[in-house]
Amino acid sequence: MFAMDEQQSKRDQFRWRYPVYVVGISMAIFVALVGYSAYGDWLYLLLVIPVVLLTCLVAVTVHAIRKKPRNCLSALLTLVVFLAVSAALLKNEVTIRASIRWLVWSRQYKAELLAQPAPPNGQLRHIEWETTGFAGVANSTLYLVFDPTDSLSVARSPGKFDGIPCEVPVVRRLERHWYAVLFYTDEAWGEDNQLNCSGIGV
């Protein structure tokens, strides 16, 4: 009887590796998805989170039925840590995606932008870097901006900044002179800039 209790106790252990493995793998999947798809955050939200959530809940239920409280606690901690990390990743998706893309393809983006003629109206040189939204109904546009004076380095977004026609919610420095600027939904940096700035945030 004592041997069986000892064996049962060994099987019912708190396992720190579970949260570490689940969070590590989930972060790697998130980085891969957002790095290669403008809709990577939605794929993560609709595919990865439900699978991990369901797996953790099943594990909690099974361990509770088998009366393994330490294993149950491991599964619960895994779930809580996973949800907290996922919330942080999704909240910072724009910054993470821009950083990944810049790290991998910055040389190509720099060449493309610098090949564009300088705007005649004193605005900063820019290219449309990415547009996300649902079938053209609500689009948010991210621009890659070249700022030779680094005036945007002191930008505290949201705000209105010299060289950018609209008030913007996010300005992120990628490296010296190079910035990612997110416009509010359905606003764009067009030919007639003022007509494309509603001044209304998302």
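Residues in segment 83-122 that are assigned to a helix (DSSP H, G or I) and among the polar types (S, T, N, Q): S86, T95, S99, S106, Q108. Screening P19, P117, P50 for residues that are surrounded by fewer than 12 Cβ atoms within 10 Å (Cβ to Cβ) and more than 30 Å from H177 (Cβ to Cβ) leaves exactly one candidate, P50. Scan segment 11-20 for residues that are in a helix (DSSP H, G or I) and either within 11 Å of L79 (Cβ to Cβ) or touching a residue at least 24 places away in the same chain (Cβ under 8 Å) (or both) and the total you get is 3. Within segment 160-187, being in a loop (DSSP other than H, G, I, E, B) and over 19 Å from T131 (Cα atoms) holds for K160, F161, D162, G163, R176, H177.
Whether a residue is touching a Phe, Trp or Tyr at 6+ places or on another chain (Cβ under 9 Å), of a type outside the set (F, W, Y) and not assigned by TED's automatic domain parsing to the domain that holds F146 was assessed, and R97 does not pass this test.
Of all residues in segment 21-56, how many are more than 14 Å from L79 (Cβ to Cβ) and either among the polar types (S, T, N, Q) or assigned to a helix (DSSP H, G or I) (or both)? Don't jump to the end; show me each part of the working.
Filtering segment 21-56 down to residues more than 14 Å from L79 (Cβ to Cβ) leaves 24-25, 27-47.
If we keep only those that are either among the polar types (S, T, N, Q) or assigned to a helix (DSSP H, G or I) (or both) as well, we get 24-25, 27-37, 40-47.
Matching residues across segment 21-56 total 21.
Residue count for segment 130-149 satisfying the condition of being modelled with pLDDT of 90 or more and either buried (at least 18 other Cβ atoms within 10 Å of the Cβ) or within 22 Å of R97 (Cα to Cα) (or both): 5. Within segment 64-82, the set of residues being free of Cβ contacts under 8 Å to residues at least 24 places away in the same chain and in a helix (DSSP H, G or I) comprises A64, I65, C72, L76, V80.
The values are calculated or read from the model by the stated rules, or taken from the named source; none is laboratory data. These numbers come from a predicted model, not from an experiment. Neighbour counts run over all protein chains shown; Cβ positions are idealised from the backbone, glycine included.
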